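Q: Let me give you the structure first, and then I'll get to my questions.
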Amino acid sequence: MPHFASDIYATPQIGKLLADEARALAPMLARCTGDHGLHLTTSAPAEPPAIPLLGHWATVRVAGAVLGGDVHASGLEALPFADEAFGVVLLRHALETTARQDNLLDEAIRVLAPGGMLAITGIHPVGLWSPWIARQSRGTRPRLTWPWWWSQRLVRDEFELSMPRRVGSAWPRAGGAPVGESVVGGGYFLVARKKRPAAVPLRPRAAAAPAPMPGTLASGARRNARESIT
């Protein structure tokens, strides 16, 4: 069973940023529907958002090459879920803590149903949060990535994409009033919807009906043996 030690994502500063991100995402995710959602998050315990129209969440915590939470598996392999199984997939800083960023995003796209919503949150690499993380991190440092990089990937995979937005306070802080979207926010989020495959119209083809054979009997009729001889 994987053991997740306390790390930078368990600090009050990151906890405050997570709360600000969740508040900004709530109106967009509230429209998501489906039987199941997938919550890919960091090693620190975090509750998935409450979505009234969504049935259940599966939570997977990502720490390097290890997956924990509702499943325990290797982070170097495919996610143990069927294709198009989830109506919404939330990557909550998980791309910063995985050992294979591109593979995890590929897997998130694979398990997302057509028409489903994909949301990504992260710490922006430009700003006062980046040097703070460099000083505070113990062990493996989070891999901070520009949000436009994920935007380009999703556009290539034909997602309907909203522009990435920055959120939270400009510098790490553990308390204070909620902070929404801000041009200098320490975090970012982007939301995209997976396009449904275009339906190909087919011209209906008339089915050929076999012509009745001459002299055949109706269903259930029997011919007299003498008639058949003559």
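The values are calculated or read from the model by the stated rules, or taken from the named source; none is laboratory data. Just so it is clear, the structure is predicted and the values come from calculations on it, not from any experiment. When we count neighbours, we look across all protein chains shown, and the Cβ atoms used for this are built from the backbone with ideal geometry, even at glycine. Side chains included, ligands, DNA and RNA excluded: accessible areas come from the protein's heavy atoms. Shrake-Rupley method; radii C 1.70, N 1.55, O 1.52, S 1.80 Å.
Q: Given 25 °C and 0.890 mPa s, compute D for segment 1-153 with the Stokes-Einstein relation, Rh being the Kirkwood radius over Cα pairs; round to the nearest whole µm²/s.
A: Translational diffusion coefficient: 156 µm²/s.
Q: Moving on. Using packing as a proxy for protection, rank 144-151, 51-58 so that the peptide with the highest average count of other Cβ atoms within 10 Å comes first.
A: Per-residue mean Cβ counts within 10 Å order the peptides as 144-151, 51-58.
Q: With each label point set 7 Å from Cα along the Cα-Cβ vector, what nm distance links ASP83 and ARG110?
A: Roughly 1.0 nm, to one decimal.
Q: Let me ask something else about it. Send over a whole-number figure in Å² for the accessible area per residue of segment 30-155, probe 1.4 Å.
A: So segment 30-155 comes to 44 Å² accessible per residue, rounded to a whole number.
Q: Separation of segment 20-56 and segment 146-161 by C-alpha centroid, Å?
A: Cα centroid of segment 20-56 versus Cα centroid of segment 146-161: 20 Å apart.
Q: If you wrap segment 90-140's Cα atoms in a convex hull and average its projection over all directions, what's the area in nm²?
A: The Cα convex hull of segment 90-140, projected and averaged over all directions, gives 4.3 nm².
Q: Stretch GLN152-THR33 to full length: gain in nm at 0.36 nm per residue minus the Cα-Cα span?
A: So the extension gain works out to 40.3 nm.
Q: With r defined as the distance between the Cβ atoms of ALA99 and ALA177 and R0 fixed at 30 Å, what FRET efficiency is calculated, to the nearest 0.05?
A: Result of the calculation: an efficiency of 0.25.
Q: Hey, any idea what % of segment 58-198's accessible area is carbon plus sulfur with a 1.4 Å probe?
A: Result for segment 58-198: 54 percent of the exposed heavy-atom area is carbon or sulfur.
Q: Let me ask something additional. Quick one: putting +1 on the C-beta of Lys and Arg, -1 on the C-beta of Asp and Glu, what dipole do you get for segment 78-193 around its Cα centre, in Debye to the nearest 20?
A: The calculation lands at about 640 debye.
Q: I've got another one for you. Please state the charge dipole magnitude for segment 1-105, taken about the Cα centre, from unit charges on C-beta atoms (+1 on K and R, -1 on D and E), reported in debye and rounded to the nearest 20.
A: That gives a dipole near 260 debye.
Q: A further question follows. Any idea which of ALA119, PRO142, LEU79 is furthest toward the positive side of the dipole for segment 34-146, if Lys and Arg beta-carbons carry +1 and Asp and Glu beta-carbons -1?
A: Looking along the dipole axis, the top candidate is PRO142.
Q: For segment 1-72, build the charge dipole from Cβ charges (+1 Lys, Arg; -1 Asp, Glu) around the Cα centre, then report which of GLY64, HIS36, ALA26 sits farthest towards its positive end.
A: Projecting each Cα onto the dipole axis, the largest value belongs to ALA26.
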